[in-house]
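The values are calculated or read from the model by the stated rules, or taken from the named source; none is laboratory data. Note that the structure is a prediction, hence the values are computed from the model and not measured. Cβ coordinates were reconstructed from backbone atoms using ideal geometry, including for glycine residues, and neighbour counts include every protein chain displayed. Calculation scope for accessible area: heavy atoms of the full protein, side chains included, ligands and nucleic acids excluded. Shrake-Rupley method; radii C 1.70, N 1.55, O 1.52, S 1.80 Å.
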Amino acid sequence: MKRSQVLKIGTAVIAASLLFTSQPVQGAAASSPSYELVLDSGSFIEGKAVIKQGVSYLPLLQISKDLSLSAALDQSGKRVTVLSPTMNVAVRLNSKQAVVNGKGITMSAAPFKNGQEIYLPASFLVSALQGEGLTYDRLAKKLSATGIYSGNDSSVYGGLRYEISQEGKLFTTNAKGKKNQLYDFKKEIYSQPVYQFTKTAKGLVILNISDYYGEPMLNKQTFTVVIKNGAVIRQSYVKYFNRFEENAVLSVNKKEIILTDGDTLRILEDGTGKISQTYNLKKLGSEDDTYFVEAVDKEYILIRPNKKGLLTYINRATGERTLLYKTLLGKADQEYAEINDVPFFGDQIRFTERKGDTLTFHIGPMTGEASDHTMKIQ
């Protein structure tokens, strides 16, 4: 059973290589002790284990369900395969031989089936799930382990682990440990990056990597790649200071891909990555600054200069610009947007949705309370 409670313990640091020297956990002769597995996210899962002839076993199907892993029996009903973004495990009932990410492993004991459940040696399954510290409390009759893979690693997508090095080289690593370089940004990474994946309607993958750094984290650099069939077909890099808006990666109607380096906006065709339109952001916004691109639709573009921070509506057909704070805010909030510099200059206007020809914006608190406003597409 999966529990959402978060434990007040440090997240275990798991070694990149898995340790599969499986030793039986010796315990009392109890046939069904409990187990508690602490995940790398800090939450935990629990249930009933089995001790058989001195070896502790864990229920594979229940744990797979709790961790949202794919576990399936083949047609013979004897071979079980478990899949996760970082793991491929195959075992056979009543056999000590297993295959983990393509490598043969000998388990301490053979898996067995009891009713609808399949039981694997606890030491093997914990190691396969990147856990550690397997122990058995005789008094409490409980098996425990920490660092179990939760699936919450933001750098894992589509069966690959993505990693950008300190030198700005982007790599993928598959479940068998094979590493491949996708791209070299030739930029230094200063902190722990954040990975965000978006899949387009036609199967392309957009990866945004954000690096927040400096004291107190006032700098942000964003690395973006568009991936097709495992290869980078487009990329961009942009750096901002003291402002943390998010650039759109897809148009509002999800039909176009959006890339910006802060100076230029490129609009790409989905499926091919072909550039359909290019815009000079400094010309559109009339400010010599680095720009965020917060929304793109067939009639308009929403951009924001890094320093002044005023969200600007651009008519795609004519290039006409409208400073939205002049349209959506009252006099006091307009003045606030122009002169307040804590934590930075600018308005608190955020685009939220489009319905028909009406755009909705959320206005964060400035001189008054937060509110929502609408406007018609111009």
Checklist entry - What number, in percent, do you get for the relative contact order of the chain if the mean sequence gap of Cα pairs under 8 Å and at least 6 apart is divided by its residue count? => result 8 percent
Next on the checklist: How far apart, in nanometres, would the label points at Val232 and Glu338 be if each is projected 7 angstrom from Cα along the Cα-to-Cβ direction?
Outcome noted: 4.3 nm
Checklist outcome for this item: Once Lys and Arg are counted +1 and Asp and Glu -1 for all other residues with Cβ under 12 Å from that of Phe361, the total becomes -2
Item to check | Approximate spin-label separation Asp357-Lys331, in nm, with each point projected 7 Å along Cα-to-Cβ | outcome: 3.2 nm
Checklist outcome for this item: Counting only protein heavy atoms with a 1.4 Å probe and every protein chain in place, the carbon and sulfur fraction of the accessible surface of the chain in whole percent equals 49 percent
Item to check | Protection-proxy order for peptides 305-316, 278-289, 154-165, each taking the mean of Cβ atoms within 10 Å per residue, highest first | outcome: 305-316, 154-165, 278-289
Item to check | Positive dipole terminus of the chain, leading residue within Leu302, Ile314, Ser108 (C-beta point charges) | outcome: Ser108
Next on the checklist: Quick one: the Cα spread of the range 122-272 along its three principal axes, in angstroms, biggest first?
Outcome noted: 65, 40, 29
Checklist entry - At what distance in angstrom do the alpha carbon centres of the range 193-237 and the range 266-339 lie from each other? => result 21 Å
Next on the checklist: Could you identify which residue out of Thr81, Thr222, Thr358 has the top mean-square fluctuation in a GNM of the chain using Cα springs shorter than 10 Å?
Outcome noted: Thr358
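Counting Lys and Arg as +1 and Asp and Glu as -1, each charge on the Cβ, what is the dipole of the chain about the Cα centre in debye, to the nearest 20?
Dipole magnitude for the chain comes out near 1720 debye.
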Checklist outcome for this item: Projected onto their principal axes, the Cα atoms of the chain stretch, largest extent first, over whole-Å spans of 78, 44, 41
Checklist entry - Can you give the helix-only mean residue ellipticity at 222 nm for the chain, where every DSSP H stretch with n ≥ 4 adds -39500 (n - 2.57) and the sum goes over all residues, rounded to the nearest 500 deg cm²/dmol? => result -2000 deg cm²/dmol
Item to check | Shape of the range 306-378, Cα gyration tensor, a/c cut at 1.5 | outcome: oblate
Checklist outcome for this item: The FRET efficiency for Ser32 and Gln166, from their Cβ-Cβ distance with R0 = 51 Å and rounded to 0.05, is 0.60
Checklist outcome for this item: The summed charge of the Asp333 Cβ neighbourhood (under 12 Å; Lys/Arg +1, Asp/Glu -1) stands at -2
Item to check | Mean-position separation - Cα centroids, the range 355-378 and the range 63-78, in angstrom | outcome: 48 Å
Item to check | Over the range 48-123: Rg over Rh, Cα atoms, Kirkwood Rh | outcome: 0.93
Checklist outcome for this item: Of the candidates Thr374, Thr278, Thr360, the farthest towards the positive dipole end of the range 268-378 (Lys/Arg Cβ +1, Asp/Glu Cβ -1, centred on the Cα centre) is Thr278
Checklist entry - So what is the relative contact order for the range 48-158, in percent, with contacts set as C-alpha pairs under 8 Å and at least six apart? => result 20 percent
Next on the checklist: Kirkwood Rh over alpha-carbon pairs of the range 76-174, then Stokes-Einstein at 4 °C and 1.567 mPa s: what D in µm² s⁻¹, rounded to an integer?
Outcome noted: 84 µm²/s
